[in-house]
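Structure first, commentary second.
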Amino acid sequence: MVVLDGKLTSSIIRQELAEKVKSLKSAGKKVPHLAAILVGEDGASKTYVNAKVRDCEEVGFGSTLIKLPSETTEKELLKAIAKLNKDEDVDGYIVQLPLPDHINETNILLAVDPKKDVDGFHPENVGKMTLNLPTYVPATPQGIVELLRRYDVPTDGKNCVVIGRSHIVGSPMSILLSQHNYPGNCTVTLCHSGTRDLKEICQKADIIVAALGRPAFVKADMVKQGACIIDVGITRVEDPSKKSGFRLLGDVDYEAVAHKCSFITPVPGGVGPMTRAALMMNTMRVTELSE
Ligand code: NAD
């Protein structure tokens, strides 16, 4: 069994990006600049955004963090977005989700200039991804694909089950793995809360991508011997023994499942760091895609 080490792989990617930044600088070219908008005080969102800013600093990108209070109106947020769309120094930006309930997420995602949409959530970029055209691919599925590639995980002709159909993880993951690429060319089954016989479907899978947000949902009796397991889930559960007061649990019953697998991602240290690395990779592609 091979542990797909997202922490290690993402640090290698950051080193590679730092080298590219050095070459850009020495060629007198512009270094990518990533901005992030954070609305409100959500603890997990703050942690994620701060980590993204740290990643930018580490690789040598420019970064700007725009913090807005939770009472920010949709109109005010749209104004901040319009400003970033016009700002020539900012190459790409993200609006950290989730947004407070009084803000319509779709209106916000539609307002982002597709050329600066490094999260790949704008319908124009989703359409391009679906057609296998060059574009920004949402960071989590992109990070998973990169991890599979770097570990040479066989995917061609494999049966893949994706559990979860969200626009940011499950749905794009199912599209990418069904495309005629490596990693990809899988026969994909996209499962969700309405799926019947999920256990039987999973038992036939060579690859399972679990992205439903239910701790330890994927049990050993759902997994075929030799399967590759990608655990996307991150659920915070209270743990007074930790300094932070919580620990992170994945969607896979890791201890029970790992010994049956050919490959598996741990939580933490698997998909999470690869998601951050993929955002940095998307930001690096800004110039390439605009050309
Ligand atoms: P979501 O809540 O938007 O979607 C969950 C999906 O799971 C839905 O499509 C639902 O139909 C499906 N589902 C729920 N219960 C199910 C069941 N019993 N059987 C089958 N399907 C079921 O979630 P999301 O935003 O896609 O995130 C999923 C998980 O991944 C969460 O734990 C989230 O924190 C985590 N996540 C991790 C990263 C990362 O970088 N590691 C990034 C994004 C999300």
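Where a number appears in this text, it was derived from the coordinates with a stated rule and is not lab data. Please read these numbers as outputs of a predicted model, since none were measured by experiment. Every residue, glycine among them, receives a Cβ derived from its backbone with ideal geometry; neighbour counts consider all protein chains shown.
Can you work out ³J(HN,Hα) from phi for every residue in segment 139-152, in order, using Karplus 6.51 cos²θ - 1.76 cosθ + 1.60 and θ = phi - 60°, giving whole Hz and x for Gly and Pro?
My calculation for segment 139-152 gives 4, 5, x, 5, x, 5, 4, 5, 5, 4, 5, 6, 9, 6 Hz in order.
Over the chain, what is the relative contact order in percent, taking alpha-carbon pairs closer than 8 angstrom and at least six residues apart?
Values: 563 pairs, mean separation 61.9, N = 291.
About 21 percent, as a whole number.
Using Cα pairs under 8 angstrom and six or more residues apart, how large is the relative contact order of segment 28-114, in percent?
Details: 106 pairs, mean separation 36.0, N = 87.
The value is 41 percent.
With n ≥ 4 as the cut-off for DSSP H runs, can you work out [θ] at 222 nm for the chain, using -39500 (n - 2.57) per run divided by the number of residues, rounded to the nearest 500? If you can, show how the numbers build up before the last one.
Working: 11 runs with 116 residues, N = 291.
Helices in the chain give a 222 nm mean residue ellipticity of -12000 deg cm²/dmol.
Give me the distance in nm between label points sitting 7 Å out from Cα along the Cα-to-Cβ direction at Ala51 and Arg149, one decimal.
So the label points at Ala51 and Arg149 sit 2.1 nm apart.
With θ taken as phi - 60° and the coefficients 6.51, -1.76 and 1.60, list the Karplus ³J(HN,Hα) couplings across segment 181-194 in order, rounded to whole Hz; mark glycine and proline as x.
9, 10, x, x, 6, 8, 9, 9, 10, 9, 9, 7, 5, x
Of the candidates Ala278, Ala227, Ala82, which one comes out as most mobile in a Gaussian network treatment of the chain with C-alpha springs shorter than 10 Å?
In this elastic network of the chain, the residue with the biggest mean-square fluctuation among Ala278, Ala227, Ala82 is Ala82.
Given axes a ≥ b ≥ c from the Cα gyration tensor, I'd like to know whether segment 209-291 is rounded (a/c under 1.5), prolate (a/b larger than b/c) or oblate. All intermediate terms of the calculation are to be shown ahead of the outcome.
Details: a/c = 2.97, a/b = 1.41, b/c = 2.10.
Since a/c reaches 1.5 but b/c is at least a/b, the shape of segment 209-291 is classed as oblate.
Between 0 and 90 degrees, rounded to the nearest ten: what's the tilt of helix 43-59 against the longest Cα principal axis of the chain?
70
Quick one: which residues, 5 or more positions from Ser63 or on another chain, have an amide H under 5 Å from its amide H? H modelled 1.01 Å from N in the peptide plane, none for Pro or chain starts.
Under 5 Å from the amide H of Ser63 lie the amide H atoms of Leu34, each far enough along the sequence or on another chain.
Explain nothing, just compute: Karplus ³J(HN,Hα) = 6.51 cos²θ - 1.76 cosθ + 1.60, θ = phi - 60°, for every residue of segment 216-226 in order, whole Hz, x for Gly and Pro.
6, 5, 7, 9, 4, 6, 9, 10, 6, 4, x
Test of understanding: in a Gaussian network model of the chain with alpha carbons linked when under 10 Å, which of Ser174, Ser262, Ser70 would top the mean-square fluctuation ranking?
It is Ser70.
Please figure out what share of the DSSP beta bridges in segment 139-272 is antiparallel and state it in percent, rounded to the nearest 5. Intermediate values should be presented prior to the final figure.
Details: 4 of 21 bridges.
Around 20 percent antiparallel, to the nearest 5.
Below 8 Å, C-alpha to C-alpha, sequence gap of six or more: please give me the relative contact order for segment 139-272 in percent.
Working: 285 pairs, mean separation 28.8, N = 134.
Over segment 139-272, the number comes to 21 percent.
Can you list the aspartates and glutamates whose alpha carbon is less than 19 Å from that of Lys22, not counting same-chain residues fewer than 8 positions off?
Asp55, Glu57, Glu58, Asp89, Asp91, Glu288
Assuming R0 = 45 Å, what is the FRET efficiency of Lys115 and Glu41, from their Cβ-Cβ distance, to the nearest 0.05?
Details: r = 30 Å, r/R0 = 0.68.
My answer for the efficiency is 0.90.
List, in the order given, every pair from Lys7/Lys52; Lys20/Lys128; Lys204/Lys260; Lys52/Lys242 whose Cα-Cα distance in the structure shown is over 18 Å.
Working: Lys7/Lys52 14 Å; Lys20/Lys128 26 Å; Lys204/Lys260 14 Å; Lys52/Lys242 23 Å.
Listed pairs above 18 Å: Lys20/Lys128; Lys52/Lys242.
Please flag any cysteine in the chain that has no other cysteine's Cβ under 4.7 angstrom from its own Cβ.
Taking the Cβ cut-off of 4.7 Å, the unpaired cysteines of the chain are Cys56, Cys191, Cys202, Cys228, Cys261.
Is the shape of segment 1-123 best called rounded, prolate or oblate, per the rule: a/c under 1.5 gives rounded, else a/b larger than b/c gives prolate, else oblate, with a ≥ b ≥ c the square roots of the Cα gyration tensor eigenvalues? Please list the in-between numbers first.
Values: a/c = 2.18, a/b = 1.41, b/c = 1.55.
In terms of gyration-tensor shape, oblate.
State, to one decimal in nm, how far the label point of Lys79 lies from the label point of Asp239, with both points 7 Å from Cα in the Cβ direction.
Output for this residue pair reads 4.3 nm.
Give the cross-link partners of Lys75 among the lysines, using a straight C-alpha distance below 23 Å as the criterion and excluding same-chain residues fewer than 8 apart.
In chain and number order, the partners are Lys46, Lys67, Lys83, Lys86, Lys115, Lys116.
Just Lys67, Lys158, Lys260 to compare: in a GNM of the chain, with alpha carbon springs under 10 Å, which one fluctuates most?
Evaluated over the chain, the most mobile residue of the options is Lys67.
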